Amino acid sequence: MKTALLLQTLQNQLTALRTQAAPLMQHATLKPRFDRQLFRTRSTVMKDYLDEAQHNLDELGHAVEKAQTEQVAWLATHLAEQIAALHREIAAWPLRLWDSASAGATKWQRKRLEHQEFERRLGEMKEERQMKLNQADTLEEQQRLMREITALDGRLERCRKALDDIERVIARMTR
């Protein structure tokens, strides 16, 4: 009785995950999202990960029917880890707008957006350090902040160079 309830609960969780993941089921990413030990598939499509979890749930049901205790324990733990990882991935998906395997100019436009965000954050960090430098009391603190500002200048320069390179690629593709 308890086993049947557990299997039904796992099935309900997978069904809920499928519903949550519906908008991104066929969305491909640049690289696989999960560790090889967690999911066997090397796919970059969310649907394939959900299908593998469903397959493991089916295998768990068969192992329960055959009373294979060790396999039941391993599959149940593994499936719980897969479901937790899928929940985390679905929740984090909106943060990964730039991570798309779409072809052509769209991919480069997303890279440009990603680098523009990097540039914005680096600029904010540099401004923050400069304000702290203006308020710094000790020479040691001033020197440390100057080193940080210099490092941020270097990072900003590299980011802007990457942005220029991306802009050139986009310009060549859209000619």
Here, residue 135 and residue 87, labelled 7 Å along Cα→Cβ, have an inter-label distance in nm of 4.0 nm
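What's the extension gain from residue 156 to residue 19 if we count 0.36 nm per residue and subtract their Cα-Cα distance? Please list the in-between numbers first.
Numbers: separation 137, 0.36 × 137 = 49.32 nm, distance 4.11 nm.
Value of the extension gain: 45.2 nm.
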What number, in percent, do you get for the relative contact order of the stretch 105-174 if the mean sequence gap of Cα pairs under 8 Å and at least 6 apart is divided by its residue count?
-> 52 percent
Relative contact order, percent, the stretch 2-96 [alpha-carbon distance under 8 Å, six or more residues apart] = 28 percent
Volume per residue of the C-alpha convex hull in the chain, rounded to whole Å³ = 172 Å³
So how many Lys-Lys pairs in the chain land under 27 Å Cα to Cα, not counting same-chain pairs under 8 apart?
-> 11
Gap separating the Cα centres of the stretch 30-93 and the stretch 105-127, nearest whole Å | 35 Å
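Would you mind classifying the stretch 105-174 by shape? Square roots of the alpha carbon gyration tensor eigenvalues, ordered a ≥ b ≥ c; an a/c under 1.5 is rounded, otherwise it is prolate if a/b is larger than b/c and oblate if not.
Values: a/c = 5.58, a/b = 3.37, b/c = 1.66.
Since a/c reaches 1.5 and a/b is larger than b/c, the shape of the stretch 105-174 is classed as prolate.
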For helix 69-92, report the angle its Cα long axis makes with the longest principal axis of the Cα atoms of the chain; keep it between 0 and 90° and round to the nearest 10°.
-> 40 degrees
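Take the Cβ-Cβ distance between residue 143 and residue 121 as r, set R0 to 35 Å, and report the resulting FRET efficiency rounded to the nearest 0.05. The partial results should precede the final answer.
Details: r = 24 Å, r/R0 = 0.69.
After rounding, the FRET efficiency stands at 0.90.
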Hey, rough spin-label estimate for residue 42 and residue 165, points 7 angstrom out along Cα→Cβ, what's it come to in nanometres?
-> 2.6 nm
If one takes the longest principal axis of the Cα atoms in the chain, at what angle in degrees, from 0 to 90 and to the nearest 10, does the Cα axis of helix 2-21 lie?
-> 40 degrees
Could the peptides 152-161, 134-143, 37-46, 78-87 be put in order, highest first, of the mean number of other beta-carbon atoms found within 10 Å of their residues?
-> 78-87, 37-46, 152-161, 134-143
Return P(r) of the stretch 2-96 (all Cα-Cα pairs; 10 Å bins starting at 0; whole %; ordered from short to long distances).
-> 16, 50, 26, 8, 0
Mind pulling the angle between the C-alpha long axis of helix 46-65 and the longest principal axis of the chain? Nearest 10 degrees, somewhere in 0 to 90.
-> 30 degrees
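Any read-out appearing in this document is the output of simple, stated calculations on the displayed coordinates, not a laboratory observation. Every value quoted in this text rests on a predicted model; they were computed, and no experiment measured them. Here the Cβ is made from the backbone with ideal geometry for all residues, glycine too, and neighbour counts use every protein chain on show.
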